[in-house]
1. If you wrap a convex hull around the C-alpha atoms of the stretch 87-181 and split its volume per residue, what is the figure in Å³?
2. With N set to the number of residues, divide the alpha-carbon radius of gyration of the stretch 1-124 by 2.2 N^0.38 Å and report two decimals.
3. Which GluC sites (Glu not before Pro) in the stretch 97-174 sit in a loop by DSSP (not H, G, I, E or B) and have at most 11 other Cβ atoms within 10 Å of their own Cβ?
4. When the expected Rg is taken as 2.2 N^0.38 Å, what fraction or multiple of it is the alpha-carbon Rg of the stretch 78-128?
5. If you count the DSSP beta bridges with both ends in the chain, what percent of them are antiparallel, to the nearest 5?
6. In degrees between 0 and 90, to the nearest 10, how far off the longest principal axis of the chain does helix 142-153 point, with axes built from Cα atoms?
7. May I ask what percent, to the nearest 5, of DSSP beta bridges between residues of the stretch 1-106 are antiparallel?
8. Using only the Cα atoms of the stretch 30-97, what semi-axes does the equivalent ellipsoid have when each is the square root of 5 times a gyration tensor eigenvalue? Give whole Å, largest first.
Amino acid sequence: MAELGVDVLDVDLHTSADGDVVLIHDDTVDRTTEGSGRVSDLTLAELQALDAGYRWTTDGGATYPFRGQGLRIATLAEALERFPEWPMVMEIKQDSPATAQALCDLLRRTGATQRVIVPSSREAALAEFRAVCPEVATAAGTNDVTWSVGLSAVGLGGVISPPYAAAQVPVARSGIPIVTTAWVSAMHARNVRVDVW
């Protein structure tokens, strides 16, 4: 990946029924594997028995070249071991069962607390992670961004005291501009990194 110019890994996190933190975007395995069901209802063994390349196509469904290639849902522990020095963005994608404590324990155990940032659009999950793992940087949640954009729009961006180190945002949401000069300036004045997607 380094030869492609990649310098940060971005992963999405869910927790299996038996408490392992795994790398998968969706709440279910239906869209990407031959299986079905919620990630949180399946054990790690059940998740890793699925073909993670099953539904991936490069030609609109004419062929599925990744099927049967040994691709499986990885654990976060495996990713941290495989990429021991790489910075990572680790987005918590589920509220229940909670991922916070298992994620924090893993980051502490592997010495990765200073090379990751944890965002989540799940407000409860983000608040819980901040409470149990205060030494790990987090990104602004949806409510954080909403408040900061609103305050910035009325010239009060300077009153923000953020509990986050970064804001990872789209240019606009629902027709409302997020990335404006005033908002970015307010974030930077508080040492908050802005990542636009």
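1. Numbers: hull volume 9.8 nm³, N = 95.
Convex hull of Cα atoms, per residue: 103 Å³.
2. Numbers: Rg = 14.9 Å, N = 124, 2.2 N^0.38 = 13.7 Å.
For the stretch 1-124, the normalised Cα radius of gyration is 1.08.
3. On the way: sites: E123, E128, E135; in loops: E135.
Taking the stretch 97-174 and a limit of 11 other Cβ atoms within 10 Å, the loop GluC sites (Glu not before Pro) found are E135.
4. On the way: Rg = 11.0 Å, N = 51, 2.2 N^0.38 = 9.8 Å.
Scaled against compact globular proteins, the figure is 1.12.
5. Working: 7 of 21 bridges.
For the chain, the DSSP antiparallel bridge percentage is about 35.
6. Computed tilt is about 30 degrees.
7. On the way: 5 of 10 bridges.
DSSP beta bridges in the stretch 1-106 are roughly 50 percent antiparallel.
8. Numbers: eigenvalues 105, 60, 30 Å².
Result for the stretch 30-97: semi-axes of 23, 17, 12 Å.
The values are calculated or read from the model by the stated rules, or taken from the named source; none is laboratory data. Quick caveat, the model's predicted, so the values are computed rather than measured. Note: ideal-geometry Cβ built from the backbone for every residue, glycine included; neighbour counts use all protein chains shown. Heads up: the accessible areas ignore ligands, DNA and RNA and are worked out on the full protein's heavy atoms, side chains in. Shrake-Rupley method; radii C 1.70, N 1.55, O 1.52, S 1.80 Å.
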